[in-house]
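J.: Supplied in structure tokens, the structure appears directly below.
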Ligand code: 6R9
């Protein structure tokens, strides 16, 4: 039955539940179920009135808007006719309101160098960078590619673009020359901002050489601005095209005002890896995105004046855009930014930083947490983590056993965990616990935020009952939603708005349980079909991870004559040997926990799993490995190609 309808069978049952700590409830931003219910009701039933009040209170307006939301699927305009500026909202607003001396950014480089900037200082640096860009011929609407290490200047460059209405396109500083050129050309970038190099795990890696290679194939790029980060004296500089940051930025006055921008003026493009071929430039615009990033930050992270907030993402990803730059800075938060790797010089680096800066809110990804588990508790136990009060997770589903470790070892069993589900396309968090009111269930992103109307449908667009999963759609517009794919309206319509007419298709599967909790079940494309039963990857993976010896698991389907598909599992293990005995034990374990149907047909022990550069398991590639096929499709977003070769050699 499930085969016809496209519903997903639900086999994994997690019954633990954690109440919000009373101390939290007493003083959190959203502090009662009634308040939450009221917010949700107003945001959906009186949508325009609700968002009008939110926008007026939380953004600065040079000119007021005429309308709140004009939605004509898939096109949408929020706050049309108004003029605001994201850099003003992040900086000037605080300075004008007397908070200029608050610390905005505390930064630590991988070698241990540090820097701290108040809101007033950050505004000045941003204005200088903006002035330099104007001098280099960049104006409103021009696209600027940013390819930099996690230095304060990366955030300064983003905000500098926003200040003059230039559109930034941040490219993670691990991508190849080819990928940079693709992105430059797709966006018609005029300026590239980069650095001479970066520090990574104790090594110094040049960046400018890579950019030069890309620029040879990027005809639209006229100028290149280069930050000196590593002091590489033989950095190649092309006369007339390339300029040092310290030559053109440092000499500026830093007094440039933020330009009033239309609400719907493009703020940034961010490329995400499509599963095949050409990357998609997701477009976000000014006012709606800014408001969504700010309000979701305040609701979910329960931000307070004295918080030291640390999001460990890179600005090359949407998490860095929304929850290092635009959300926290709009909210006036003090943010820690760290440049380097979590295991350099040793596996305790993160915990050393938490202790050193008395971090109160930590936002990181399941892939990192699983690495910490593998590296061993001793690295954590060396440090005083008592300053932490709230933990967050993003990027992938968090397996319940990983959640429990995070809760106990990092959170000292006292910090709520916000498992935040969202996407580059959604601009900000869509579903998440609110720490003061939501009883959490490990592995569930719990409930939608105010204004988010999720709908789970089968392949015909029909409702799915609570014992099954289906395709997750969003039925109403929200301010942070993507406005398009840069230069490709057709692909935008096709990808997100065609399968289920009138609704935004997320590409994820999800299930809603009897208590109304949402559980993300993985990507639609990753579903495994065994004898007509459609299984979610994450449910089988979470079962494997709940075995004491398993750290990380990825599960995929491969063709099977009789069953349609067989289940192949890839696991990394700890405190155990990769023996045939363990393999059999794991198969039996899954069978016992969730049933014969879900028992993997083969299990491969892996040293590590293929991941995207932002740490997501690439199941698409594992499908090829499991079927004995040549790995096909785009591998440019893969972090470490050698992982694949090792897996292919491994016997199941
Ligand atoms: C923010 C971000 C989006 C995809 C998304 C989903 C997965 C993200 C998740 C999660 C389960 C969570 N995802 N958060 N799955 N639980 N809390 O990661 O954006 O890089 O565009 O990826 O990541 O599959 O559709 P992006």
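J.: Please determine, in degrees from 0 to 90 and to the nearest 10, the orientation of helix 177-187 with respect to the longest principal axis defined by the Cα atoms of the chain, where the helix direction is its Cα long axis.
T.: That works out to roughly 70 degrees.
J.: Also: Give the relative contact order (percent, whole number) for the stretch 527-649; include only Cα pairs under 8 Å separated by 6+ residues.
T.: With pairs under 8 Å counted, the relative contact order is 22 percent.
J.: Also, I was wondering about something else. May I ask you to derive the relative contact order of the chain, considering only C-alpha pairs under 8 Å and at least 6 residues apart, and to give it as an integer percent?
T.: Computed value for the chain: 15 percent relative contact order.
J.: With a 10 Å radius around each residue's Cβ, average the other Cβ atoms per peptide and rank 355-362, 113-120, 222-229, highest first.
T.: Going by the mean number of other Cβ atoms within 10 Å, highest first, we get 222-229, 355-362, 113-120.
J.: Find the centroid of the Cα atoms in the stretch 519-576 and in the stretch 439-487, then give the distance between the two in whole Å.
T.: So the separation of the two Cα centres works out to 23 Å.
J.: For the Cα atoms of the chain, what angle does the longest principal axis make with the long axis of helix 286-301, in degrees from 0 to 90, nearest 10?
T.: So the helix axis and the longest Cα principal axis differ by about 60 degrees.
J.: DSSP beta bridges in the stretch 153-289, what fraction antiparallel, as a percent rounded to 5?
T.: For the stretch 153-289, the DSSP antiparallel bridge percentage is about 50.
J.: Among 545, 418, which comes first, then next, by fewest other beta-carbon atoms within 10 Å?
T.: Ranking 545, 418 by Cβ neighbours within 10 Å, fewest first, gives 545, 418.
J.: Moving on. Rounded to the nearest 0.05, what FRET efficiency is calculated for residue 305 and residue 35 with R0 set to 25 Å and r the Cβ-Cβ distance?
T.: Efficiency, from the Cβ-Cβ distance: 0.80.
J.: Which of 620, 200, 123 comes first, and how do the rest follow, when ranked by fewest Cβ neighbours within 10 Å?
T.: 200, 620, 123
J.: Using alpha carbon centroids, what distance separates the stretch 116-173 and the stretch 207-243, in Å?
T.: For the stretch 116-173 versus the stretch 207-243, the Cα centre distance is 17 Å.
J.: Once R0 is set to 45 Å, what does the formula 1/(1 + (r/R0)^6) return for the Cβ-Cβ distance between residue 278 and residue 257, expressed as a FRET efficiency to the nearest 0.05?
T.: 0.75
J.: For residue 460 and residue 574 in one chain, what is 0.36 nm times their gap in residues minus the Cα-Cα distance, to one decimal in nm?
T.: The residue 460-residue 574 span can extend by a further 36.7 nm.
J.: Quick one: of the DSSP bridges fully inside the stretch 390-505, what percent are antiparallel, nearest 5?
T.: If we restrict to bridges inside the stretch 390-505, about 75 percent are antiparallel.
J.: Another question about this same structure. By how many nm would the segment from residue 134 to residue 607 grow when fully extended, if each residue of separation counts as 0.36 nm and the alpha-carbon distance is taken off?
T.: 165.4 nm
J.: To the nearest 10 degrees, how steeply does helix 580-594 sit against the main Cα axis of the chain, on a 0 to 90 scale?
T.: Approximately 90 degrees, to the nearest 10.
J.: Still on this structure: Rg/Rh for the stretch 142-238 to two decimals, with Rh computed the Kirkwood way over all alpha-carbon pairs.
T.: 0.94
J.: What are the semi-axes of the equivalent ellipsoid for the chain, taken as the square roots of 5 times the Cα gyration tensor eigenvalues, largest first, in whole Å?
T.: Listed largest to smallest, the semi-axes of the chain are 37, 29, 25 Å.
J.: Starting from 0.36 nm per residue, how many nanometres of slack lie between residue 383 and residue 513 once their C-alpha separation is accounted for?
T.: 43.0 nm
J.: Starting from the Cα of residue 23, step 7 Å along the direction of its Cβ; do the same at residue 343; then give the gap between the two resulting points in nm.
T.: For residue 23 paired with residue 343, the spin-label model returns 3.3 nm.
J.: Could you give the nm distance between label points at residue 597 and residue 352, where each point is 7 Å from its Cα heading toward the beta carbon?
T.: 5.0
J.: So if we plug the beta-carbon distance of residue 562 and residue 72 into 1/(1 + (r/R0)^6) with R0 = 51 Å, what FRET efficiency do we get, rounded to 0.05?
T.: Once the sixth-power term is evaluated, E becomes 0.55.
J.: Counting helices only, and only those DSSP H runs with n ≥ 4, report the 222 nm mean residue ellipticity of the chain as the sum of -39,500 (n - 2.57) divided by its residues, in deg cm²/dmol to the nearest 500.
T.: Taking each H run of at least 4 residues, the total per residue is -8000 deg cm²/dmol.
J.: Just to confirm my numbers, what's the Cα centroid distance between the stretch 247-289 and the stretch 344-366 in Å?
T.: Going from one Cα centre to the other spans 29 Å.
J.: Provide 32, 608, 179 in ascending order of the number of other Cβ atoms located within 10 Å of each residue's Cβ, fewest first.
T.: 32, 608, 179
J.: Now for a separate question. Based on DSSP, what percent of beta bridges with both residues in the chain are antiparallel, to the nearest 5?
T.: 60
None of the figures in this text is laboratory data; all of them are computed from the coordinates on show. The model shown is predicted, which means the values in this text are computed figures rather than measured ones. Every residue, glycine among them, receives a Cβ derived from its backbone with ideal geometry; neighbour counts consider all protein chains shown.
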